[in-house]
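Please read the structure below before turning to the comments.
The values are calculated or read from the model by the stated rules, or taken from the named source; none is laboratory data. Note that the structure is a prediction, hence the values are computed from the model and not measured. Cβ placement follows ideal geometry from the backbone for every residue including glycine, while neighbour counts extend to all protein chains displayed. Accessible surface areas use protein heavy atoms only, side chains included; no ligands, DNA or RNA. Shrake-Rupley method; radii C 1.70, N 1.55, O 1.52, S 1.80 Å.
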Amino acid sequence: MAVAALLVLIGAGTGVWAVTWSGDEVDAVVLIRPINRGELIETGDLAVARVSAGGTAVRLASPTTAREALVGRQALLDLPAGTLVTPEMAGSALPPAGEARVGLRLAPEALPSTQVQAGDWVRVVLPDEFSGEPAVIADAVQVAAVAPADGSGSGTGGGTPDAGGDTVVHLDAPEEVAAWIASAAARSPQELRLLGVRR
């Protein structure tokens with residue numbers, strides 16, 4: 001299954017659980033072919049490889065978790081062959097009925113944490129123009145995808161990485177709320193902030 005070649009490509013995977021392994025190796029699920037955003041992930045796209053954890057915290061999905069949470073779902077971002085795949089990388093690439101997807105280019109200080117990821121819930125706030133106090137634009141919306149911004153300003157990938165470390169966060173929100181978020185981002189792109197929400 002070309003596992004040896006895949007192991008060369010494996011880097012630090014993203015995931016939803018941080019686990020410290022006591023053994024030297026663990027089973028991890030990797031892609032054996034590139035998958036584009038929106039493409040369905042199928043059983044034949046996945047392989048199991050033994051990954052050296054080295055006794056450090058790693059973020060992986062077990063083969064069982066991958067089968068349950070990835071197969072038959074759409075990739076939320078472009079995934080190259082050899083990627084360590086985890087559940088938050090898959091979902092619906094299109095927002096649910098009645099919702100719209102809005103992308104925000106945000107500086108690191110505008111994010112709730114450096115670990116913001118698909119599936120998180122956030123509150124969108126903007127300082128009030130008179131008091132300066134945070135005004136809630138959207139109370140609780142879900143993060144659909146997260147990606148580094150590129151130097152072209154589009155934030156869609158394929159360009160030079162942005163020197164400022166900006167991140168593009170895609171949010172799924174009710175259509176009216178998405179319109180408010182987009183309007184606020186157009187008016188004050190440097191002042192918009194995301195705050196974490198417990199659900």
Checklist entry - Name the residues in region 65-81 that are of a type in the set (S, T, N, Q) and at pLDDT below 80, would you? => result T65
Checklist entry - Taking into account only those residues within region 3-41 that are under 26 Å from D120 (Cα atoms), in contact with a Gly (Cβ under 8 Å, 6 or more places away or on another chain) and surrounded by 13 or more Cβ atoms within 10 Å (Cβ to Cβ), which is modelled with the lowest pLDDT? => result V16
Next on the checklist: Just the residues that are assigned to a loop (DSSP other than H, G, I, E, B) and at pLDDT 75 or above, please, taken from region 142-199.
Outcome noted: A149, G165, D166, S188, P189, Q190, E191, L192, V197, R198
Checklist entry - In this structure, is L70 open to solvent by 50 Å² or more (accessible area, probe 1.4 Å) and within 15 Å of the chain's Cα centre (by Cα)? => result no
Item to check | Condition met for A118 (part of a strand (DSSP E or B), open to solvent by less than 60 Å² (accessible area, probe 1.4 Å) and of a type outside the set (D, E)) | outcome: no
Next on the checklist: Quick check on this structure: which one of P95, P112 is under 30 Å from I181 (Cβ atoms), assigned to a loop (DSSP other than H, G, I, E, B) and modelled with pLDDT of 90 or more?
Outcome noted: P112
